[in-house]
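Peer 1: Have a look at the structure that comes next, please.
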Amino acid sequence: MSETTRLPIMEALPNRLQARIELRDRSLRNAVSQHPGGMSPRFILNLTKKWKAGQTITVAFRGGNSALHEKIANAVSEWTQYANLKFDFGKTAAGTYRSWSPSDHTYAAQIRVSFDQSGYYSLVGNDSVNKTVSKPGEESLNLEGFDTNLPADWKSVAQHEFGHAIGFEHEHQSPVAPCDFRFEDDPGYVPTTDSFGQFIPDSKGRRPGLYKLLGGPPNNWPKAVVDFNLKQLHESHAYEVGPFDKKSIMKYFFESWMFVSGKDSACYTPSENAAISGGDKKGAAKVYPAAAQDIATATEQQATILQDLASAETVPAAAKEHFHQALKYLRS
């Protein structure tokens, strides 16, 4: 990175959403720490975020015009070719799409897209309609600036964020991901900044680590946020994962120097992943199967967990309400 290169703002949830997620997860981990089925707390929490296989997920927009909404709808609907899900954008005969407002007191849609917040991000799965995390008058997915200046990589960005919206985490955080990130500074690094205030190599060519780089402009992430977005997810049995897929659209692009082993890192790719990969397609089909028996098995497992959480004395009331609603839909 030279002094004339502005570091892009990396994907991250706003502090208000991340704080709610962390609070919710802490309370639920305590509530489900000794599940009789032997399932880990993390597995249980992930399972509750999944939509029902075969479900139609509603989407609404705030901002932008019908032409933009149509572009996004067409691009992200590719996921439904592999996952047994459908998107309903509320398109009318006049060609307009469903909208939402900050003044909404009920959810206008399960996925609520905005363009006016900072950065690109999405809540994972049905956290978008979990009142302990997301309020009816808040966005659940943001595509900053798409309504004013559509970026060249808009399609892959939209598909990545809708991948989160249907329940997928970052591939570079997979429990089996071999990503050797350079979190720490090179030994002896002297903090040096460019005209944008970004940390750059010092006079001897020593580089800042990711903690320092992302802790400065334009991201200004504290260490905990870097860990939240980059560190490996623990408990491989808590996620439905396949082999690590370096071509996944759910993997960030990182410059080679951001890895300890540079271009030899198993996580390195020379450019951004711009399309839903073969591994993504297989994963989507596994998580949201089409076969009746597979749907029945997945539904029963999820229903058992939701019932346990909805009736647990130590689960907060707002979370119980969410689990009751999810269980009601699952059994409908």
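The values are calculated or read from the model by the stated rules, or taken from the named source; none is laboratory data. On a predicted model such as this, the values are computed, not experimentally measured, just so you know. All Cβ positions, even for glycine, are placed from backbone atoms using ideal geometry, and neighbour counts span all protein chains on display.
Peer 1: Check whether at least one residue in segment 294-312 is at pLDDT 85 or above and part of a loop (DSSP other than H, G, I, E, B), and report yes or no.
Peer 2: The answer is no, given that none of the residues of segment 294-312 is at pLDDT 85 or above and part of a loop (DSSP other than H, G, I, E, B).
Peer 1: While we're on this one: Collect the residues in segment 129-167 that are within 17 Å of A67 (Cα to Cα) and of a type in the set (F, W, Y), keeping them in residue-number order.
Peer 2: Correct list: F146, W154.
This table checks each residue for (1) at pLDDT below 90; (2) not aromatic (F, W, Y).
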{"position": "P201", "(1), (2)": "no, yes"}
{"position": "G205", "(1), (2)": "no, yes"}
{"position": "H234", "(1), (2)": "yes, yes"}
{"position": "Y239", "(1), (2)": "yes, no"}
{"position": "P243", "(1), (2)": "yes, yes"}
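Peer 1: List pairs: first residue in segment 122-144 and more than 15 Å from H322 (Cα to Cα), second residue acidic (D, E) and in a helix (DSSP H, G or I) anywhere in the structure, Cβ distance under 6 angstrom, at least six positions apart or on different chains.
Peer 2: What qualifies is S122/E161; L141/E161.
Peer 1: Here's another thing I want to ask about it. Q232 - would you say it is of a type in the set (S, T, N, Q) and not in a helix (DSSP H, G or I)?
Peer 2: yes
Peer 1: Looking at D194, D180, D153, D186 in this structure, which one is acidic (D, E) and closer than 30 Å to A75 by Cα?
Peer 2: That would be D153, the only listed residue that is acidic (D, E) and closer than 30 Å to A75 by Cα.
Peer 1: Just to verify a result, which residue in segment 210-219, among those that are out of contact with any helix residue (DSSP H, G or I) (no Cβ under 9 Å at 6 or more places or on another chain) and assigned to a loop (DSSP other than H, G, I, E, B), is surrounded by the most Cβ atoms within 10 Å (Cβ to Cβ)?
Peer 2: Only one residue fits best here, namely G216.
Peer 1: Give S248, S195, S271, S203 a once-over and let me know the one that is part of a loop (DSSP other than H, G, I, E, B), out of contact with any Gly (no Cβ under 7 Å at 6 or more places or on another chain) and in contact (Cβ under 8 Å) with a residue 24 or more places away in the chain.
Peer 2: None of the others qualify; the one that does is S195.
Peer 1: Scan segment 53-82 and report the pairs whose first residue is more than 14 Å from P289 (Cα to Cα) and whose second residue is in a helix (DSSP H, G or I) and aromatic (F, W, Y), with Cβ atoms within less than 7 Å and a gap of 6+ or a chain change.
Peer 2: Taking only residues 6 or more apart or on different chains, the pairs are V76/F162.
Peer 1: What are the residues in segment 175-219 that are closer than 27 Å to Q117 by Cβ and polar (S, T, N, Q), if any?
Peer 2: Hits for segment 175-219 are T193, S195, Q198, N219.
Peer 1: I would also like to ask the following. Show me the strands (runs of 3 or more DSSP E) found entirely inside segment 30-145 where at least 1 residues are modelled with pLDDT under 95, hydroxyl-bearing (S, T, Y) and within 21 Å of the chain's Cα centre (by Cα).
Peer 2: Passing ranges, in order: 120-122.
Peer 1: Take the conditions surrounded by 19 or more Cβ atoms within 10 Å (Cβ to Cβ) and within 18 Å of the chain's Cα centre (by Cα) and apply them to V157. Does it pass?
Peer 2: Numbers: surrounded by 19 or more Cβ atoms within 10 Å (Cβ to Cβ): yes; within 18 Å of the chain's Cα centre (by Cα): yes.
Criteria met by V157.
Peer 1: Looking at segment 98-121, which of the residues that are among the charged types (D, E, K, R) and over 21 Å from A326 (Cα atoms) is surrounded by the most Cβ atoms within 10 Å (Cβ to Cβ)? I'd like the intermediate steps shown before the answer.
Peer 2: Kept after step one, since they are among the charged types (D, E, K, R), are these residues of segment 98-121: 98, 104, 112, 116.
Now narrow it down to the ones that are over 21 Å from A326 (Cα atoms): 98, 116.
On the way: R98: 18, D116: 15.
Selected residue: R98.
Peer 1: So, in segment 287-332, exactly how many residues are basic (K, R) and surrounded by 13 or more Cβ atoms within 10 Å (Cβ to Cβ)?
Peer 2: Count: 1.
Peer 1: A further question follows. Would you be able to say whether some residue in segment 137-152 is surrounded by fewer than 17 Cβ atoms within 10 Å (Cβ to Cβ), in contact with a Pro (Cβ under 9 Å, 6 or more places away or on another chain) and farther than 24 Å from P217 by Cα?
Peer 2: yes
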